[in-house]
1. Take region 83-108 and flag every residue that is part of a strand (DSSP E or B) and at pLDDT 80 or above.
2. Restricting the search to region 190-210, which residues are free of Cβ contacts under 8 Å to residues at least 24 places away in the same chain and surrounded by 13 or more Cβ atoms within 10 Å (Cβ to Cβ)?
């Protein structure tokens, strides 16, 4: 099993399809309940509720992906094909800068995805606690990308003021490990900026690879949506019977 799969993927084989199916149904009902609460309006804790919904939605998508990977041969073939298409070395990624305060709030992590145009867009997840340190510009970020093009990165190394990275190259290995590293440092710096994200072409202008990846991604997303709708229907029927 590929390293980019989480522990749930292994659990599908260890505990069985039925057990994981039941867990996914419970997750869908919890998500549905949170969304209904948000629609009705809450007097306190709305932002926390929204964050919980986003977090639960992201986790459920990953769980459903891994469930289908473990239970559907066709889905697994699409996913494995896409992981091979993503392998590349030293593709350029452009930097997107954004303003911050005199010392500012610095990104604690980045996430993104491959859009329907076949290009990847990465943005900061959240801004960490206020800091006075000058290591505001990452020079090495490492994380993963899955077969749907979903990306998650963390800062591993950063440069000290007054230098900053001005160019990045990206690599993806066969296990979905994505690495972005600087290739050039510039002595000029605007201390009121931070790296908001990156934009890159994971297929290095290979249009055949881009087309093949998107051709696999579309039916995977359709299969996941259909399966989640089925989970909701089954869970609601069980509730009514109970």
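1. Within region 83-108, 88, 89, 90, 91, 92, 93, 94, 95, 96, 97 qualify.
2. Listed by number, the list holds a single entry, 206.
The values are calculated or read from the model by the stated rules, or taken from the named source; none is laboratory data. The shown structure was predicted, so the numbers you read here are calculated from the model rather than taken from an experiment. Glycine also receives a Cβ, built like all others from the backbone with ideal geometry; neighbour counts cover every protein chain displayed.
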